[in-house]
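Enquirer: Got a structure for you, questions after.
The values are calculated or read from the model by the stated rules, or taken from the named source; none is laboratory data. Since we're looking at a predicted model, the values are computed, not measured. Neighbour counts run over all protein chains shown; Cβ positions are idealised from the backbone, glycine included.
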């Protein structure tokens, strides 16, 4: 089990950041991701695997419409 | 066009900008045909900075406590600010219009791109105040080339925006050089602005690629209505004194360096980020739909099955690509997209091929999903006519959405609408309503154009419509319509819309993602902090003459890897750019904290100004039920699982309750949360429980101006003495 933005989510083997983004239907392009407080470069979302028990923050960067 | 008759004129010696300021403001009274130059003091710069700050200061000095929107002493004050007109960095050509609004009966500020703000400064003026009421239609001209300000008799029978703007660019341009028209800019409203309270101010810029004037809008608040009430057909500014260093900045090299850096960021990253250069703000259409934020059928829903029809890719194909669509020189963000060669299908210009500025996201949603229409061509046509008639597309969209729901609920009928079948999605009849608003003759359209706040009174009084129901579903606050995001799932955004100075426009704070999706604001104190920081940070754009988009619709590639999540949302590198640019232009060193302090001074001053005009207390920070949560069962049933969980989180078991009962229970919970939010935000802002800035706060800010303190002391009372 992992936590994504404070909510539990089932962990799967070889799960990547991109898999989580797709599962959550986060279509906004300005996403920033931290796994256990370590930032993940945007270009590495597809290849970065998320370990079990990770605390994942997926932040939508827009702070103004 | 024949030579226009001069009714009054006045000579002046244009002051050259120095460090971003000319040090002079201009006052034109079209009633008694007088002109006045005022000096800008150092104290005025320190306290009000410029732009909207100057507008509020000048308006404060010119109106009475009792001034209403249509009193002759009310003004439209236009000011760019010290950074306005910079060409090295993107998004630096905005002006801010300030006035007492017909919709809200308090001060309003509304901004536009186009060339008017920069040209006004380069013509010698940090601001222009327009006061009085003319006897007949006039054109006000500030001509720095001739060193004259004139009031001319308007030759226009048709005062609609494109007609007047095109004619005046031609009139004031060199007949032998079409691109000489770029040295003028024209403000207009339109026929629809005369009879509705939704009048926008159109602001032109000459598009040298298309060889035509384009229009941007200070859309909100009814500024165009005031221009027409003053019988002003247009305001023209003209100067050839235009260059990349016309502001006479302290440090051009820094401006060039920072600009080059951001240009590179935009050119290399925009296609991977927000696609502002190709899709413009409609890149948000499908995103808002995916997150249940796209207002649909008067904000009942946030998502619709036909939303793919208005996908940004559709708009991207409609927009002409490959043209530098910046609304001021040097803006590589270039989001002022346009549809060229569009053939109008309805209205007075039916069959004519025109260029439409936009649609922007707000229009695509307001005059689209929110009225139940998912047809980009129809939205494009409404966009054109709204601009032409001088109508704000946001209030228009939200206002018509309210009318459609009243119609579908049976609160009003075809007998009341003069035959129009105003169901959601009925494109033909909604378009007809727009034309009737533009003509200003039809009595139902006249009622609609007064805005939702007054429609509720009028529909109840004239048609017997249920007032309580309309209060629940009418998406307005302080008298003005909500802009185009569904706020009901974000407590912080309730404040972002309804705890604002002027009503629910999204220019103070847009916190839905931070609050609801990112979960970065878990406590009421966190939400209050965001509702303190973002409104104050964003107010700064309005003081100095900037567009907000280059701040956070593009971000440095390493923004998220360099900063913590909480910090990254503020885009620290871009904030530092603004700090450095302020010093590079004005020569005054500030910190990022002082930047916010500059805003906080004006923010609190404007709050006291509302108080002075009889508003500005807690009771005016009202929120309709529709903004808090689902009102009707079908809204609940569109997201049953989600809302059932919301109810459970509030300690109520949804089992056995009908959908309508669930709506009512959740409303009760959320209304209590709203009151808690108000208390927490007021405390963070340094206001008392009635929403009035305290004397202590004003002293801290250096805004303890005697007449400001006097207003606070007059109105600040213990809770048992608040007026109902």
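Enquirer: From the list B:437, B:433, which residue is crowded, with 24+ Cβ neighbours inside 10 Å, farther than 27 Å from residue B:628 by Cα, in contact with a strand residue (DSSP E or B) (Cβ under 7 Å, 6 or more places away or on another chain) and more than 14 Å from chain A (Cβ to nearest Cβ)?
Expert: The conditions single out B:437.
Enquirer: Let me ask something else about it. Does any residue of segment B:572-595 turn out to be within 14 Å of chain A (Cβ to nearest Cβ), without any contact (Cβ under 8 Å) to a residue 24 or more places away in the chain, on the phi < 0 side of the Ramachandran plot and in a helix (DSSP H, G or I)?
Expert: Among the residues of segment B:572-595, at least one is within 14 Å of chain A (Cβ to nearest Cβ), without any contact (Cβ under 8 Å) to a residue 24 or more places away in the chain, on the phi < 0 side of the Ramachandran plot and in a helix (DSSP H, G or I), which makes the answer yes.
Enquirer: Here is a follow-up. Restricting the search to segment B:239-275, which residues are within 13 Å of chain A (Cβ to nearest Cβ) and touching a helix residue (DSSP H, G or I) at 6+ places or on another chain (Cβ under 7 Å)?
Expert: B:274, B:275
Enquirer: Something else: Determine which single condition residue A:6 fails, assuming it passes every other condition in (1) in contact with a helix residue (DSSP H, G or I) (Cβ under 8 Å, 6 or more places away or on another chain); (2) within 18 Å of residue B:513 (Cβ to Cβ); (3) within 7 Å of chain B (Cβ to nearest Cβ).
Expert: Checking residue A:6 against (1) in contact with a helix residue (DSSP H, G or I) (Cβ under 8 Å, 6 or more places away or on another chain); (2) within 18 Å of residue B:513 (Cβ to Cβ); (3) within 7 Å of chain B (Cβ to nearest Cβ), the one that fails is (1).
Enquirer: A follow-up question, please. Would you say residue B:279 is more than 26 Å from the chain's Cα centre (by Cα), assigned to a loop (DSSP other than H, G, I, E, B) and more than 30 Å from residue B:195 (Cβ to Cβ)?
Expert: So residue B:279 does not fit the description; no.
Enquirer: Is it the case, given these coordinates, that residue B:483 is under 30 Å from residue B:421 (Cβ atoms), within 14 Å of another protein chain (Cβ to nearest Cβ) and in contact (Cβ under 8 Å) with a residue 60 or more places away in the chain?
Expert: yes
Enquirer: Might you check whether a residue that is closer than 27 Å to residue B:473 by Cβ, assigned to a loop (DSSP other than H, G, I, E, B) and touching a helix residue (DSSP H, G or I) at 6+ places or on another chain (Cβ under 9 Å) occurs anywhere in segment B:305-317?
Expert: yes
Enquirer: In addition: Report yes if some residue within segment B:461-480 is in contact (Cβ under 8 Å) with a residue 60 or more places away in the chain, part of a helix (DSSP H, G or I) and in contact with a strand residue (DSSP E or B) (Cβ under 8 Å, 6 or more places away or on another chain); otherwise report no.
Expert: No; the residues of segment B:461-480 include none that is in contact (Cβ under 8 Å) with a residue 60 or more places away in the chain, part of a helix (DSSP H, G or I) and in contact with a strand residue (DSSP E or B) (Cβ under 8 Å, 6 or more places away or on another chain).
Enquirer: Is it true that residue B:298 is closer than 25 Å to residue B:488 by Cβ, buried (at least 16 other Cβ atoms within 10 Å of the Cβ) and at pLDDT 95 or above?
Expert: So residue B:298 passes the test.
Enquirer: Here's a follow-up. Condition check: under 12 Å from the mean Cα position of the chain (by Cα), within 11 Å of chain B (Cβ to nearest Cβ) and closer than 25 Å to residue B:512 by Cα. Does residue A:29 satisfy that?
Expert: In short, no.
Enquirer: Identify, please: which residue in segment B:548-563 is more than 8 Å from chain A (Cβ to nearest Cβ) and either at pLDDT below 90 or crowded, with 21+ Cβ neighbours inside 10 Å (or both) and is, among those, farthest from residue B:92 (Cα to Cα)?
Expert: B:554
Enquirer: Just need a number here: residues in segment B:498-519 that are part of a loop (DSSP other than H, G, I, E, B), within 15 Å of residue B:565 (Cα to Cα) and touching a strand residue (DSSP E or B) at 6+ places or on another chain (Cβ under 9 Å).
Expert: 2
Enquirer: So, one more: Specify the residue that is farthest from the other protein chains (Cβ to nearest Cβ); the eligible residues are those in segment A:35-51 that are within 17 Å of residue B:272 (Cα to Cα) and touching a strand residue (DSSP E or B) at 6+ places or on another chain (Cβ under 8 Å).
Expert: Among them, the one singled out is A:46.
Enquirer: In segment B:8-25, how many residues are under 30 Å from residue B:589 (Cβ atoms) and not in a loop (DSSP other than H, G, I, E, B)?
Expert: Just the residues of segment B:8-25 that are under 30 Å from residue B:589 (Cβ atoms), to begin with: B:14-25.
From what's left, not in a loop (DSSP other than H, G, I, E, B): B:18, B:21, B:24-25.
Number satisfying all stated conditions: 4.
Enquirer: Can you report the number of residues in segment B:332-370 which are in a loop (DSSP other than H, G, I, E, B), crowded, with 19+ Cβ neighbours inside 10 Å and under 20 Å from the mean Cα position of the chain (by Cα)?
Expert: 9
So that you can scan it fast, the table gives a plain yes or no per residue for (1) part of a strand (DSSP E or B); (2) under 12 Å from the mean Cα position of the chain (by Cα); (3) within 13 Å of another protein chain (Cβ to nearest Cβ):
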position: A:12; (1), (2), (3): no, no, no
position: A:33; (1), (2), (3): yes, yes, yes
position: A:53; (1), (2), (3): no, no, no
position: A:57; (1), (2), (3): yes, yes, yes
position: A:62; (1), (2), (3): no, no, yes
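Enquirer: Identify all residues within segment B:207-224 that are buried (at least 24 other Cβ atoms within 10 Å of the Cβ) and touching a helix residue (DSSP H, G or I) at 6+ places or on another chain (Cβ under 7 Å); write none if there are none.
Expert: Those that are buried (at least 24 other Cβ atoms within 10 Å of the Cβ) and touching a helix residue (DSSP H, G or I) at 6+ places or on another chain (Cβ under 7 Å): B:213, B:215, B:217, B:219, B:220, B:224.
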